[in-house]
Amino acid sequence: MVRQPSINAQNRTPLSTERIIEAALHIVDGQGLGRLTMRRLGDALEVEAMAIYHHLPRGKEQLLDGLVAHVAAAPADASAPGRWQDVLRAWADGYRGRLLAHAGVLPLVVTRRNPAALAATLASLREVLRRGGVAEDAAAVAAHTLLGYVIGHAALEVRGTADDGAAARIASGEDGAVDWDARFRAGLGVVLGGVR
């Protein structure tokens, strides 16, 4: 028996890789990475799970790579006016916010080998530094260090890790809760201050 498309299927936006990644991100953000299955994703998209493989032939591996690329690729605006320190500070704040907003994908950003996902971001950071007068070699090292700092800090923040002694010095409130914003700004100042 031929299955007739439902009224929803007739009016639904066509399936695309971008739509699949967005739906997967919505599942991960709302339910966690462990709840992401191809069947659940198909249900969210109102398609059979096998239809997803037409757009992602490598299946879940390609989906996870797509999630990393979608969240982790956030280049700095190398043409932004102002001092390079201010441009990178603004980028770092925005990138940290992006990672924290999609905290369920953060373990993938940290553990999956997907250098292409970060290539444009690293290149943009290097370009901001080069335009600011930092030598090419130093700009490459500084860009890598800055990206590592922001990703690492976000990962620690999501875990709630505050047992490295810094919490005692950078805390707020009577309960001694870590002021993650102050901690981030202080570390970012150290990273940017070390660029020569």
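The values are calculated or read from the model by the stated rules, or taken from the named source; none is laboratory data. All values reported here derive from a predicted model rather than from experimental measurement. Glycine gets a Cβ as well: all are built from the backbone with ideal geometry, and neighbour counts include every protein chain shown. We work out accessible area using only protein heavy atoms, side chains counted, and drop any ligands, DNA or RNA first. Shrake-Rupley method; radii C 1.70, N 1.55, O 1.52, S 1.80 Å.
With the biggest extent put first, the Cα atoms of the chain measure 70, 44, 27 Å across the principal axes. Remark: spin-label model distance Ala186-Glu46 equals 5.1 nm, labels positioned 7 Å along the Cα→Cβ axis. Sorting His54, His153 on solvent-accessible area from highest to lowest, probe radius 1.4 Å, gives His54, His153.
Of Ser79, Ser124, which has the most accessible area with a 1.4 Å probe, and how do the rest follow in descending order?
My answer, sorted largest first, is Ser79, Ser124.
Compared with the dominant Cα axis of the chain, that is its longest principal axis, helix 84-101 is turned about 40°. Considering only Ala142, Ala51, Ala155, give the residue with the highest GNM mean-square fluctuation for the chain, with springs between Cα atoms whenever their separation is below 10 Å. Highest fluctuation among the options: Ala51. Put simply, the amide H of Val195, placed in the peptide plane, has no neighbours under 5 Å, leaving out anything fewer than 5 places away on its chain. Got a number for carbon plus sulfur as a percent of the stretch 72-194's accessible area, 1.4 Å probe? That fraction is 54 percent.
Of all the options Gly82, Gly160, Gly132, the one that moves most in a Gaussian network model of the chain with Cα springs shorter than 10 angstrom is Gly82. Run a plain Debye calculation on the stretch 17-56 (Cα atoms as equal point scatterers, no solvent) and give log10 I(q)/I(0) at q = 0.18, 0.25 Å⁻¹, rounded to two decimals, same order as the q list. Those come out to -0.40, -0.77, one per q.
With 0.36 nm allotted per residue and the present C-alpha distance subtracted, the Arg98-His55 stretch has 12.9 nm of extension available. Under the simplified labelling scheme, the Thr145-Thr111 pair shows an inter-label distance of 2.9 nm, with each label point 7 Å from Cα along Cα→Cβ. Helical runs (DSSP H, four residues minimum) scored at -39500 (n - 2.57) apiece and divided by the length of the chain put the mean residue ellipticity at 222 nm at -20500 deg cm²/dmol.
What a 1.4 Å probe finds exposed on the stretch 17-56 is 50% carbon and sulfur by accessible area, rounded to a whole percent. Rounded to the nearest 10 square angstrom, His144 shows an accessible area of 120 square angstrom against a 1.4 Å probe.
For the chain, the solvent-accessible area works out to 56 Å² per residue, with a probe of 1.4 Å and every protein chain left in place.
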